[in-house]
Structures are given as C-alpha cells and as structure tokens.
Amino acid sequence: MSEEYVLEMHDIVKEFPGVKALKGVQLKVRPGTVHALMGENGAGKSTLMKCLIGIYKATSGKIIFQGQEVSFPNTLSAMQAGISMIHQELSPVMERSVCENVWMGREPRKGIRVDHKKMRQDCRELFQKVGLDLDPDEKMGNLTVAKMQMVEIAKAVSFDSSGGIMDEPTSALTESEVEHLFKIIEDLKSKNVAIIYISHKMDEIFRISDEITVYRDGEYIASDRAENLNIDKLITLMVGRTMDKMFPKIECPIGETVLKVEGLSSGRAFHDVSFELRRGEILCFAGLVGAGRTEIAETIFGMRTRTAGKIYKEGKELHIKCPEDAISNKIGMLTEDRRGNGIIGLLSVAENTVLANLKKYGFPLSHSKIRADASDFVNKLNVKTPNLETPIANLSGGNQQKTLVARWLLIDPDILIVDEPTRGIDVGAKAEIHSLITKLAAEGKAIIMISSELPEVLGMADRVLVMHEGTMTGIVDREDATSEIIMKYATGETAPQS
Amino acid sequence: MSNTLASKRDFDIKKFLSQNSIWLVLVIMVIGLQIVSPVFLSTNNLRTMLEGESIKGILAFGIMWTILSKGIDLGAGSIVALVSVITASLVQPIGVANKLFPEMAALPGWAAAIVGIAIGALIGAIVGTIIAYTKIPPFIATLGTQLICRALAKIYSTQPVSNLSPDFRIFAKGKLFEIIPSIVIIFLIIFAISGFMLTQTRFGKNIYAIGGNDHAARVAGINVERNLIKVYIWSAVCAAIGGVLLAARTGSADPSTYGLNYELDAIAAATIGGTSHTGGVARISGVLAGILVLGVINNGLVLLSVDDNMSNVIKGIIIVGAVIIDMRKNAAKK
Amino acid sequence: MKSKRIMSLIIAGVLSATMLGGCGSTEQGTSDQNSSGESKKLTLVMSQRDEWLSTLDAAAKQAATDLGYSLNSLDSQSDANKQIQFVETARNNGEKAVIVNLVDPNTAGDIVEAAGDMKVVFVNRPPADLSVLNENVVYVGSNEMTSGKFQGEWLAQYFKAKGQTEIKYILLNGILGQVSTTNRTKSVLQALKDNGITAVEASAPLACDYDRAKAMNQIGPLLSTGTKYDCIISNNDAMALGAIEAIEQQNMDPSEKPIVGIDATADACAAVKSGKLAMSVFQDPKGQGTGAILAAINLLNGKAINDGIDYKLDTENPNIEWVPFEPVTVDNVDDYLNK
C-alpha cells in the first residue's frame, strides 16, 4: 500500500511558543504527480513544508519518504535525499554571481580549491536544460525578481530530486515565464518526480495539479483528485464558508481631478508618463514585471528621484523629495515588498498601525489614544490578531497587509497608492482587501493600484494605465478593458493616439 | 473581536519572566551576595555601588539608543575624556597648581557643565550627520570619534587637569537629604529622560521603527537621517554628562586614562539588558538591570575578595549568555 | 517558551555557581574577620598591572602573608572612578587600612575622603598634593626625580670620557601628562645640564606610552631616514628595548650609541649584560610592595612607618618613606639579574 506514495506525512504537529501551527495534519504524495496544497495563509502549508525539509523540526508526527521513515536535520540533507524547495521568500546572495548562488554550499572542487570552470560550465548546461538564457557570471542583484525566481527553479532542478516543493513559484513571473515553468514541471513529471505545488492562483492550480490537499487553520481538511473539484468547491473547503464576490466593485461617482502627472520620468526606469487621477477613481497600473509601474508610484511618493516632469495635486505643483513630504500632502503608499519596507516585524500591531501618523498623538504620546485608534481599525478592517501588543511579524500576510492599510487610512489620505496589495495573500483576505479598496474609492479617495494579476485589474479598475518597458502604452477605460487589449499594450503595442 | 482583544491583555507571568529574566538574575545575585557578605545591602555599600556605576550607567542610557537604531557608539569613552578635560580646565580657580589657563578666572560650575554638554552635542551632531548621510557603518564612524576625541583631549592638555572649584564638584559630591549622592540623582534623571523619550515620544517610536526596518520606517514618512543624528547627539550628550560628572567626582581629569573603555562597559550593560544588536529591540528597565548586574558583580567580587580576573570571566559569561537568550527570544520575529 | 526559561535558569545557575565558587576560596578570610574582631585584612588597589606593578603586587602579597595578614588586591584598570569605588567598598566592608597605587595623582584627596577612618598608604605614585599626607595617610615610593638623575649622570660621565660636551639625544617619553613621565624627563635633562653637557633634541620627543611596540614603530623611521644622534634616553626599559629591536632590525649595532632605560626589568638586565643597553635604573618593586604593606601594618599598630625595614623617611616630611633607586650597569648587573 505504502509503495503507492513517494511521500507520506502522518499526524504532524508543530508548536511555536503560544501557537499550535499544525494540529496533526497529513499529506500523501504519489510519484510523478503534481500535488497542490491549498489553504489560506496561516493554514499551515508553508510550515508543513518547512517541517518536511528540516527548517523546522516537527513537535511530533511521522514522515515516510520513499518507504523509509526520515527526519531531516537541515535543508541540505533533505536536498541530498532528493527533496528540494523553492522558497516563497527569495533569499539569494545579491552580491555574488548567479552561478555561485546555484552551487552555493556544494561547489564542485578540485582538491581543496573551488573549480570555477566546472561550476560555470555546469551552470550553463543547467540553464540550457531549463531554457534559461542567462550569463552565469551576472551578479544576482542585477537580475529582475522574475529571473531570480527562475534561477531558484533551475537550482532546484539541479538536485535531480525525486520530490520538489514549489512555494508560490509564479508570484513574480510573467505569463510567458509561467508557461515556461509549467513546461519544466511537465518535464519533471514525466521523469517520475513528484511535485508539491503551493499557490493561491486558482487557474494555475487547476491547470497543472493532479491532486489537491486542503488545509485550514493548521488542520487537514480534505484531499481529492483535481478533476473532482472546481473553484467554488475549493474555496468553500479553504475558507470553511462560501465566498462573497471576489471583486465587489461599488459603482460610485467619479469626482474632480486630484492628481495630475505630466511628463514624469525617473532615470532609466520610466519616462514621459502623464495621467490624471480623480476622486473616487481606481486607476490600475498594469504591465509586465519590470515595466516601471512600481517605479512611477515610488517617484510620486518620494522614494525615487524625479528626473523630469511635474506632479500637481488639486492644481498645486508638488515638490516631493521624500515619503515624509508625500505624507504631509496626504498621499499614502502601500508598498509591494511588505516585509522589506512595509511592516516593522518586531513592533506591535498597534505601533505599526500608528507609525505614519505619530504626530497626531502629541507629546508625550497618548498611549490610550493610540490603543483606541489601533483597536478601532483592527475591528473595522477585521485584522485577526491575538492582541494589539502582538508583534506584527506573528500575523499572517493578509493581516499584516490589513494593518498596513490601516496605517495609511489613519493619515486620512486623499490619494492612496497600493502596490500589489494582494500578493501572497490568501483568498479570503484578498476579497476583503478588494472590498476595502473599493469602499475607500466610494468614500471619495483617489486610488492608484498596481497589480500583475489581470483578473484583479479588470475587476477593480475604473481605468487601466498600461506600461511597457518604462513607456506608457495606453490608458483604457473600464468598459473597454479586456485582458486581450491590456496584454497587447503590455507587450509593447501602443494605443492609437486620440 | 474586541472582546478577545481586551481579555488577552491579562497579566502573563510566563511572558513577564521571559522578558525580565535579567531582573531574576539580579535578584538571585543580590540574595546570594547578601547571604555570604552581610555588608552588601548596607546603605553605605549600596551608595558606593550606585555612585561608581552611575557614570557608565548614564553612558549606557545613551548608547542603547545607537544599538536600538542598529548602530553602535564606540566614541563615548573618548568623549568622556575630552569633555572632562575641557570642563575641568574651565573650573580651576586662579592660583592653583598646574592651572591650564593661568590667567582665566574659573567659570561657575553650571556654566562649565553646559559648555561640556554642548561640546558633546556638537560631536554627536557631526558623527550622526556623517553616519546618516554617508551611510558608513556606525562602527567605523564612531571608531573615528574614539581616536579623534582621545587625541583632542591629549592635545588640549598634556597632563591631568585638577584642583577644581567646589561649586563644580557639587554635581557629583552633593547629597540630597544628606544621603542620596547627586551623581546618583543625575543618573536617575537620565534614566527617566531616556525612558520617557523611548516610550512616550515620537522620537522613541521612530527609533524603534528605524532599528526594526529602516526602509519601512522611511516609507512610513519617518525622516531616518534626522532621527539618526538625534540618536548620536543623545548618545554623545550622555557621554558628555558622564565626562562632567567624572571630573566632578574625582576632582581631576586625565586625558589619557579617563573614560578608557567606558563605552565597552556601557555596551555590555545595554546588551545584558536585552538591547538587541540586530536593532529594534530595547527596554529601558532591562538596561537599568544590566547596569545593576554589572555593578553587583564589580562590588560583590570585591567584598568577597575574589581575584579580579574572575570578575571579567563572569562578566564575559553573562554578556554572551544574555545575547544568546536575546537572540532566541527575537529569532522567531525577524 | 520552555527552552527560554531553561536557558535563563542555566545562566543564573552558572552565575551563582561561579560566585559561590569565588566565595569558597575566601571563606577563610571572612570568618577570620568575623571571629577575631581585630581585622587581619588589607586591601591593595592597583592602578593597573603591567609587568613592573605586578612584581610590586606579588611582593606585597608575600609580605602580607609573612606577617599573618590576608591581602585583597584589586585592579582599577587605569580608571580613577573605579579606584575610588574600590576604596569605598573596602571601607564598607569594615577594613582598617588600604594601600593605593594611584591612577591619577590628583585624586589623592578624594581617595583619602573615600577611605574615611581607614589608614591609607599610597605606594609608587605620590599624591599630586602632598598636603593630604598626615600621620594616618602616608606615601611609600621612590623619588622619581632621582631616577632620571642616575641616567643623566651616567651619560655625562660617558660623554666626558670621550671628550664630548655637546650631544644630540632621542627621547622616548612614557604616557604624556603622567607625573612619572614628566619627572623622569625633567630630571635626566637637568642632570645632564648640571654636569656640564649641552644636550639638544635630535628629533621631536616620541610619545611611546611606556610601550615596547610603540617605541619600536616610532624609532624605526628615524633610523631609516638617517637621523643623527648620540644617545637614546628612554623613560622606561620596555621602550628602550623597543629601540634596541628597531636598531637591530636595521642591521645596526645597538651598543654603538648608548641607550639608557629605567626599571631594570629582567629583560633589561639581560640587555645590560650583553652590552646592548648601556644602563638602567633599578626602581625596586619588591621593596616598594613590602615597604607599603609594612607601613600599613605599622600605622595600624601605632609604630613608625619604616619600623622593621631599612628605608629612610623624607628629611622634611616624616609621612614619606623613600625606597632608593639604584643605577644598574654592566659592573653590577649580576646583582640584579636574579632579583
């Protein structure tokens, strides 16, 4: 019976101080299949995988790999046994070359010296195998996030594993790169490799997975063949209730122009971008990764130097040099890299909530007012946290994001920029964030939203501004917007001048 | 949801102990010492201990801010030397032996103290500006301060500056209610100010944020540069106050030995007190405990006639142990 | 959560164990004090522990043991503040006498104040203000003004024998600002002058902080640039030996031009014997250490401070006891080699 599965995990329990992250879950993976793990963030998927590959040690439970009970002390031994993992959070060494990153910790050697020639050659062969066109000597830090992701994937492939784990591998990839990845996966499948696939993107799941296991709140919920499930059934299993609409767009009147951008450029990132933003409007920036969308937002918000162009708010020209200036002009920005420049992990939920608005709390700071405001928003935005003093790092991604939204709402912004607000966030929280953004627009705030997910763009936007390699290729109204048109502009075709 | 929020605020003994383990260590040490050396808890001995640790303690209340902001201040000890020598030279009455400026009348004690503190603030502003705008590692920048300030002190005076006026020495020698030394009161005032700024002001919150994640702090509209400059000013001001007090306490200021390695003891106290060198974590009560732990070790081992090399062994064990606990406590959150 | 608590407990345990271990070794002293009432305990507060001061320290310990006292020796690590703290702690601990090797001679008054009713013996470094001395506060040491004098007199004799009255010297200073540095330098130059030698600097004085390596680094460049000099005057032996190292590194002969030091350390004596070091001045660490302990015990017993030892009191101030300096040359070096 057990030969049927390449990997079995039984009754896995993992306790952290104060939290029981896994409450006795199971997983059974057949060789040569893609097995999707589904569940909201915090459901325990990533924790389970970390227990598997030895980043965490399970508190109790049994892991059987290729018919033998195993317990890996670290990731390297897991890799050597044949299980490799592509992490959700990339952790490459930015200052070293691509090639060194791929062979890190297992460099080919000649005597005691590292054999750089062989390393480079092996790397080229590997890249050829996965169809990646990249110079092994390129510095990792010079790559786009998407390319880094592909390098990680190549690295996983290089282990000749019999089991691979992919945790959100497509989060930074463009459509064509995703296609490429799927080809690699098919190829691995045909070599009898089992793949555990974690993603929040439903369409991907149903396209490539053979079996799906669902977890919720650290518990095993169900496991079934993919063809027996559909999106609705899956979501119901994941959230334990039926979902409201994914994109609860509220139609609201669009007011006067709040923000006007003329001929904005910033170095080589993007140039000559002009648009207007009106009260009550959601303007989406669409485009492929690296098209310069985030950079436009960063320039408006003062995180990046403006090299040309003008920005007007309510008719007055703005001279924003740093985020502090932007905030005093009532512009807020929810950044793309939540951990890198969003949350301050060690600080509490309350402190993170009020961080951009400490001026309001006087001297000395009124802690009761801080608590009141924070608890107000925690309730209003439905942030799930044990208490206000909990370090924000202990919350799930979705709840961190909601806390950050609260931070910006506290400054009562006229303009709110949200950059990939739902990246890495589970389905339930995603819909909540969507409805929150829509409500804000309905209250008369002007929203700029950057998103790489076309359904999100189409579902949320009043207008869509499409970028291609630093150039604005078109602005599309809601009623005209289709995925075809946006993809056309995003790949470089410009809109007819009108 | 609001219900759960309220109920979870209840006192959690386990959490309290894990956050205050250093106080537990302190209590154990105090009890142990009192048993074997009954003079330990005598008023005189406690006063001696506090007087002796006050200056380094004041430094620690400054340096903890630099550590909190993910930096360090290695210059504090030399600032102590420079400020003590300069301040001392201003309060030598005319006619005393070895007077540095034979013609100059002595300034009032408070005026000299203000000059000393202003010099500290200026040094802090310079090093803070360099750190904030050039982004060179604080370790290096303040190593520069250390060398330069020590040299400046030696250039300013090649010999100890002594015979200081009584109205200056009162800062360290005065007593409140005939029993609490003024130096200890100043120590407590600096403790209170530092604690107040840390928890009750925007500045404090900003530094927690910068230490925790400076990119995120910037995006949240915090002026990282200006706040870092303030941190180094505060640290240098604390060191300058330490310098003034050291001159007042000893009645002399020796450019070559005063304040030597004080920054290391202050860093040790802050570290033992749970200030994390990865930034973003510090508690003023912890630092106070750290200072007291070091004080008790210094004092206790003298009372017990233990070889003083042993005292350094114990200090070493405590510092490393404290950091191990600290790392374990914060590892999950990073 | 559990592991954290265990970790704290382990650390607390280690601490207690170390401290209790410390107690064990001193149980004897503590119980003595409690039972006999008459304290047989002395405290010595050192400024620091370089090689020379360690010898003083060891001699003091030995002398105390021989006389039936236990000596607690503490290292202030060049921190005047710490030194005051140590003295106060000794007082709090009920001790009757303290021996202090001053970090900063200007703090002597405060040390006396901190000592309260305790008898105070300053050793090696005199207070800056000698008026703090009285029948309960005394000084035991060597007269720094005579150490340089021995150097100067030796050099004068050496050059006069060569018929030379004008010389160029390189001066290796100790820690600038310290009384010993100032006095040693002042007295050697004075002695040269008094003996009819016109001495001029061959280079700016080098501040080498009594440190051998620093002296080596500073003198090296002077040699390689061919600075002309007739002799090297060093404030201590360590720096003189550093100079010798530097000279030998340049493949020159250190015995060619006289080098003079102070302290007569074991290394220096060996160098005197081999002719590399022209002479040194013996400042007697054992004599000072023994003398200081004896002085403290004499004070406690109400006797004259030099009772039982062959050292003279100062002619003007009876609260100063001089331990003599002695010149060490190739003629008498054998007497000091094993001292």
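Tell me which residues, restricted to region B:205-217, are under 16 Å from A:ALA356 (Cβ atoms) and crowded, with 18+ Cβ neighbours inside 10 Å.
Filtering region B:205-217 for residues under 16 Å from A:ALA356 (Cβ atoms) gives B:205-210, B:212-217.
If the condition is that a residue be under 16 Å from A:ALA356 (Cβ atoms) and crowded, with 18+ Cβ neighbours inside 10 Å, then B:LYS205, B:ASN206, B:ILE207, B:TYR208, B:ALA209, B:ILE210, B:GLY212, B:ASN213, B:ASP214, B:ALA216, B:ALA217 are the ones that fit.
For region A:452-469, how many residues are open to solvent by less than 10 Å² (accessible area, probe 1.4 Å) and either out of contact with any strand residue (DSSP E or B) (no Cβ under 6 Å at 6 or more places or on another chain) or over 21 Å from A:ILE486 (Cβ atoms) (or both)?
First pass over region A:452-469, keeping only residues open to solvent by less than 10 Å² (accessible area, probe 1.4 Å): A:456-457, A:460-461, A:464-467.
Keeping just the survivors that are either out of contact with any strand residue (DSSP E or B) (no Cβ under 6 Å at 6 or more places or on another chain) or over 21 Å from A:ILE486 (Cβ atoms) (or both) gives A:456.
Number of matching residues: 1.
Pick out, from region B:137-255, the helices (runs of 4 or more DSSP H) lying fully within it that include 3 or more residues that are farther than 30 Å from B:LEU100 by Cβ. Reasoning before the result, please.
Details: elements: B:138-156, B:166-173, B:182-200, B:202-212, B:214-219, B:224-250.
The qualifying helices (runs of 4 or more DSSP H) are B:138-156, B:182-200, B:202-212, B:214-219, B:224-250.
Scan region B:138-166 and report the pairs whose first residue is on the phi < 0 side of the Ramachandran plot and whose second residue is open to solvent by 60 Å² or more (accessible area, probe 1.4 Å) and assigned to a helix (DSSP H, G or I), with Cβ atoms within less than 6 Å and a gap of 6+ or a chain change.
Going by the 6 Å Cβ cut-off, the qualifying pairs are B:ALA141/B:ILE130.
Which numbered condition trips up B:THR48, out of (1) within 11 Å of chain C (Cβ to nearest Cβ); (2) modelled with pLDDT under 85; (3) touching a strand residue (DSSP E or B) at 6+ places or on another chain (Cβ under 8 Å)?
Every listed condition holds for B:THR48 apart from (3).
Of the residues B:ILE318, B:ILE222, B:ILE291, B:ILE272, which is open to solvent by less than 20 Å² (accessible area, probe 1.4 Å) and within 9 Å of chain C (Cβ to nearest Cβ)? Please lay out each step first, then the result.
Numbers: B:ILE222 fails: within 9 Å of chain C (Cβ to nearest Cβ); B:ILE291 fails: within 9 Å of chain C (Cβ to nearest Cβ); B:ILE272 fails: within 9 Å of chain C (Cβ to nearest Cβ).
None of the others qualify; the one that does is B:ILE318.
Does B:LYS135 qualify as being open to solvent by 70 Å² or more (accessible area, probe 1.4 Å) and under 30 Å from B:GLY95 (Cα atoms)? Walk me through how you get there before you give the answer.
Details: open to solvent by 70 Å² or more (accessible area, probe 1.4 Å): yes; under 30 Å from B:GLY95 (Cα atoms): no.
No.
Would it be correct to say that C:GLY109 is open to solvent by 10 Å² or more (accessible area, probe 1.4 Å), facing chain B (nearest Cβ under 7 Å) and either within 23 Å of B:PRO255 (Cβ to Cβ) or in contact with a helix residue (DSSP H, G or I) (Cβ under 8 Å, 6 or more places away or on another chain) (or both)? Steps first, answer last, please.
Values: open to solvent by 10 Å² or more (accessible area, probe 1.4 Å): yes; facing chain B (nearest Cβ under 7 Å): yes; either within 23 Å of B:PRO255 (Cβ to Cβ) or in contact with a helix residue (DSSP H, G or I) (Cβ under 8 Å, 6 or more places away or on another chain) (or both): yes.
Yes: the conditions hold for C:GLY109.
Which condition breaks for A:ALA350 when tested against (1) farther than 25 Å from B:LEU198 by Cβ; (2) at pLDDT 90 or above; (3) within 11 Å of chain B (Cβ to nearest Cβ)?
(1)
So in region C:60-96, with the set limited to residues that are buried (at least 24 other Cβ atoms within 10 Å of the Cβ) and more than 8 Å from chain B (Cβ to nearest Cβ), which one is nearest to C:LYS40 (Cα to Cα)?
Among them, the one singled out is C:ALA64.
Name the residue, out of A:ILE300, A:ILE311, that is farther than 20 Å from A:MET460 by Cα, in contact (Cβ under 8 Å) with a residue 12 or more places away in the chain and assigned to a strand (DSSP E or B). Break it down into steps so the answer makes sense when it comes.
Numbers: A:ILE300 fails: assigned to a strand (DSSP E or B).
Checking each option against the conditions leaves just A:ILE311.
For region B:168-177, which residues satisfy the criterion of being without any contact (Cβ under 8 Å) to a residue 60 or more places away in the chain and of a type outside the set (A, V, I, L, M)? Working first, answer last.
We begin by selecting, within region B:168-177, every residue without any contact (Cβ under 8 Å) to a residue 60 or more places away in the chain; these are B:174-177.
B:GLY174, B:LYS175, B:PHE177 - these are the residues of region B:168-177 that are without any contact (Cβ under 8 Å) to a residue 60 or more places away in the chain and of a type outside the set (A, V, I, L, M).
Go through A:ILE296, A:ILE327 for me and flag whichever is out of contact with any strand residue (DSSP E or B) (no Cβ under 8 Å at 6 or more places or on another chain) and modelled with pLDDT of 90 or more. Walk me through it before giving the result.
Details: A:ILE296 fails: out of contact with any strand residue (DSSP E or B) (no Cβ under 8 Å at 6 or more places or on another chain).
After applying the criteria, what remains is A:ILE327.
With a cut-off of at least 3 residues that are small (Gly, Ala, Ser) and not assigned by TED's automatic domain parsing to the domain that holds A:PRO169, name the helices (runs of 4 or more DSSP H) lying wholly within region A:402-492. Show your work before the answer.
Details: elements: A:427-442, A:454-460, A:483-490.
Because the criterion is at least 3 residues that are small (Gly, Ala, Ser) and not assigned by TED's automatic domain parsing to the domain that holds A:PRO169, the helices (runs of 4 or more DSSP H) in region A:402-492 that meet it are A:427-442.
Consider A:ARG371 carefully, then state whether it is within 9 Å of another protein chain (Cβ to nearest Cβ), open to solvent by 30 Å² or more (accessible area, probe 1.4 Å) and either in contact with a helix residue (DSSP H, G or I) (Cβ under 7 Å, 6 or more places away or on another chain) or closer than 30 Å to A:LEU288 by Cα (or both). Before the answer, list the steps.
Working: within 9 Å of another protein chain (Cβ to nearest Cβ): no; open to solvent by 30 Å² or more (accessible area, probe 1.4 Å): yes; either in contact with a helix residue (DSSP H, G or I) (Cβ under 7 Å, 6 or more places away or on another chain) or closer than 30 Å to A:LEU288 by Cα (or both): yes.
Here the answer is no, as A:ARG371 does not meet what is asked.
Which of (1) over 17 Å from A:MET85 (Cα atoms); (2) at pLDDT below 80; (3) in contact with an Asp or Glu (Cβ under 9 Å, 6 or more places away or on another chain); (4) surrounded by 17 or more Cβ atoms within 10 Å (Cβ to Cβ) does A:ASP217 not meet, given it meets every other one?
(4)
Can you tell me which residues in region C:97-106 are at the interface with another protein chain (Cβ under 9 Å from one of its Cβ atoms) and open to solvent by less than 20 Å² (accessible area, probe 1.4 Å)?
Going residue by residue through region C:97-106, those that are at the interface with another protein chain (Cβ under 9 Å from one of its Cβ atoms) are C:103-106.
The answer is C:VAL103, C:ASP104, C:PRO105.
Which of the residues that make up region A:333-347 are surrounded by 23 or more Cβ atoms within 10 Å (Cβ to Cβ) and more than 8 Å from chain B (Cβ to nearest Cβ)?
The one that is surrounded by 23 or more Cβ atoms within 10 Å (Cβ to Cβ) and more than 8 Å from chain B (Cβ to nearest Cβ): A:LEU334.
Would you confirm, using the coordinates I've provided, whether B:ALA121 is surrounded by fewer than 22 Cβ atoms within 10 Å (Cβ to Cβ) and within 18 Å of B:GLY242 (Cα to Cα)?
It is true that B:ALA121 is surrounded by fewer than 22 Cβ atoms within 10 Å (Cβ to Cβ) and within 18 Å of B:GLY242 (Cα to Cα).
Specify which of the listed residues (A:GLY302, A:GLY263, A:GLY290) is more than 18 Å from A:LEU318 (Cα to Cα) and either open to solvent by 10 Å² or more (accessible area, probe 1.4 Å) or modelled with pLDDT under 95 (or both). Please lay out each step first, then the result.
Numbers: A:GLY302 fails: more than 18 Å from A:LEU318 (Cα to Cα); A:GLY263 fails: more than 18 Å from A:LEU318 (Cα to Cα).
Criteria check complete, one pass: A:GLY290.
So the check is Cβ under 6 Å with 6+ separation or different chains; which pairs have a first residue in region C:129-144 that's within 14 Å of chain B (Cβ to nearest Cβ) and a second one that's of a type outside the set (Lys, Arg)?
Within 6 Å, the pairs are C:VAL132/C:ALA108; C:VAL132/C:GLY109; C:VAL132/C:VAL112.
Okay, residues lined up against (1) surrounded by 21 or more Cβ atoms within 10 Å (Cβ to Cβ); (2) modelled with pLDDT under 90; (3) assigned by TED's automatic domain parsing to the domain that holds C:LYS273; (4) not basic (Lys, Arg):
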| site | (1), (2), (3), (4) |
| --- | --- |
| C:LEU176 | no, yes, yes, yes |
| C:VAL179 | no, yes, yes, yes |
| C:ALA191 | yes, no, yes, yes |
| C:ASP194 | no, no, yes, yes |
| C:ILE197 | yes, no, yes, yes |
| C:PRO205 | no, yes, yes, yes |
| C:MET216 | no, yes, yes, yes |
| C:THR227 | no, yes, yes, yes |
| C:ASN235 | yes, no, yes, yes |
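Name the one entry in A:ALA446, A:ALA461 that is more than 20 Å from the chain's Cα centre (by Cα) and among the small types (Gly, Ala, Ser).
Details: A:ALA461 fails: more than 20 Å from the chain's Cα centre (by Cα).
A:ALA446 is the lone residue from the list that is more than 20 Å from the chain's Cα centre (by Cα) and among the small types (Gly, Ala, Ser).
Within region A:402-416, does at least one residue satisfy the condition of being open to solvent by less than 10 Å² (accessible area, probe 1.4 Å) and of a type in the set (Asp, Glu)?
There is no residue in region A:402-416 that is open to solvent by less than 10 Å² (accessible area, probe 1.4 Å) and of a type in the set (Asp, Glu).
Find the helices (runs of 4 or more DSSP H) located wholly in region A:23-142 whose residues include 3 or more that are in contact (Cβ under 8 Å) with a residue 60 or more places away in the chain, and list them.
Values: elements: A:45-53, A:75-81, A:98-102, A:116-130.
The helices (runs of 4 or more DSSP H) meeting that bar are A:45-53.
Could you list all residues from region C:175-198 that are among the β-branched types (Val, Ile, Thr), assigned to a helix (DSSP H, G or I) and free of Cβ contacts under 8 Å to residues at least 40 places away in the same chain?
If we filter region C:175-198 for residues that are among the β-branched types (Val, Ile, Thr), which is where we start, we get C:175, C:179, C:181-182, C:185, C:188, C:197-198.
So of that shortlist, the ones also assigned to a helix (DSSP H, G or I) come out as C:179, C:181-182, C:185, C:188.
Within region C:175-198, just C:THR182 meets the criteria.
Here are some conditions: (1) assigned to a loop (DSSP other than H, G, I, E, B); (2) within 20 Å of A:ILE196 (Cα to Cα). A:MET166 meets all but one. Which one does it not meet?
Just one mismatch for A:MET166, condition (1).
The values are calculated or read from the model by the stated rules, or taken from the named source; none is laboratory data. It should be emphasised that the depicted structure is a prediction, and the values quoted were computed from it without experimental measurement. Neighbour counts are summed over all protein chains in view; Cβ atoms, including those assigned to glycine, are modelled from backbone coordinates with ideal geometry. These accessible areas exclude ligands, DNA and RNA; they are computed on the full protein's heavy atoms, side chains included. Shrake-Rupley method; radii C 1.70, N 1.55, O 1.52, S 1.80 Å.
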